[in-house]
Every structure is written in C-alpha cells, then in structure tokens.
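For reference, the structure is listed below as structure tokens.
The values are calculated or read from the model by the stated rules, or taken from the named source; none is laboratory data. As the structure is a prediction and not an experimental result, all values here were calculated from the model. Here the Cβ is made from the backbone with ideal geometry for all residues, glycine too, and neighbour counts use every protein chain on show. The accessibility values were calculated without ligands, DNA or RNA, using every heavy atom of the protein model including side chains. Shrake-Rupley method; radii C 1.70, N 1.55, O 1.52, S 1.80 Å.
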Amino acid sequence: MRTDGLAKAFTAGGAIPAHTIIKGHTTAGEVVVGAAATDKVFGVSTEVDAATGDRVDVYLPGSIAPVIYGGAIEVGDLLTSDANGHAVATTTANDRVIGVAMTAGADNDIGHVCIQVSNL
C-alpha cells in the first residue's frame, strides 16, 4: 500500500522505532513513543528508526501510514497506543484514538491506519 499524506520533522526525545505511534514530549519540538491508550497521540513515525536527539519524521492526521499492530486488528477498528507505541483496537471511553485500521492483521504485523485523531 502506498503511503500518502502530510509528514513533519521533529526531534526524538527518546529512541523511536519505525512505524510507532507518537506523542508530544515535555520539551517543545520533541516527540516520544506513545505509551498508553490515554496519551495525547497525534501521529505515526515513518520507516526510519530515530535515536534520542535525531530528526524523526511523523505522519500527521489525514495521512494513511504503516503502523505496527500490538494485537489482532480488523479493518475499521478504532486504534490507540499500547505501552510500546503499537496500535491496538479500542472501544474504551476516554481513550485517545489515532485513527481507523485500513488493513487487518495480528500482533507485530505492519498494517495501515488512516490517521484521524479523536477521543472516545
């Protein structure tokens, strides 16, 4: 699947693996990996790993992006972040949704998410 969309460069506030869900860091202009379903996530890292202090490109809302799945996902599932920044399905109130699954998959598969950030 081709990846189309808007990406912006940030500074990695910690190690950021490719295809993981991203949230803002306490330092302005830095991002880190999402670590909980209620984190204020807003994008997905591109296909390049980043070390602390490196530039990291992040796909933003409106993009269709590859993301690592953290469990069984069906097309159309609303996705949030697990503790590793992997996408997991959610129906829980107050979870932060990163988007909608465009492909089905299982744990550690790379699927695709249409990034549409919202809260349940």
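Okay, here's what the table says:
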item	result
Every pair of residues 6+ apart whose Cβ atoms lie under 7 Å, when the first sits in segment 72-98 and is closer than 17 Å to Gly43 by Cα and in contact (Cβ under 8 Å) with a residue 12 or more places away in the chain while the second is acidic (Asp, Glu) and assigned to a loop (DSSP other than H, G, I, E, B)	Thr80/Asp95; Ser81/Asp39; Val88/Asp82; Ala89/Asp77; Arg96/Asp39
Wholly within segment 1-83, strands (runs of 3 or more DSSP E) carrying at least 1 residues that are modelled with pLDDT of 95 or more and more than 24 Å from Met102 (Cβ to Cβ)	7-12, 21-24, 30-33, 55-59
Total residues in segment 29-42, condition surrounded by 15 or more Cβ atoms within 10 Å (Cβ to Cβ) and either farther than 14 Å from Asp82 by Cα or aromatic (Phe, Trp, Tyr) (or both)	3
Test: residue in segment 18-28 that is open to solvent by less than 50 Å² (accessible area, probe 1.4 Å), at negative phi and more than 14 Å from the chain's Cα centre (by Cα)	no
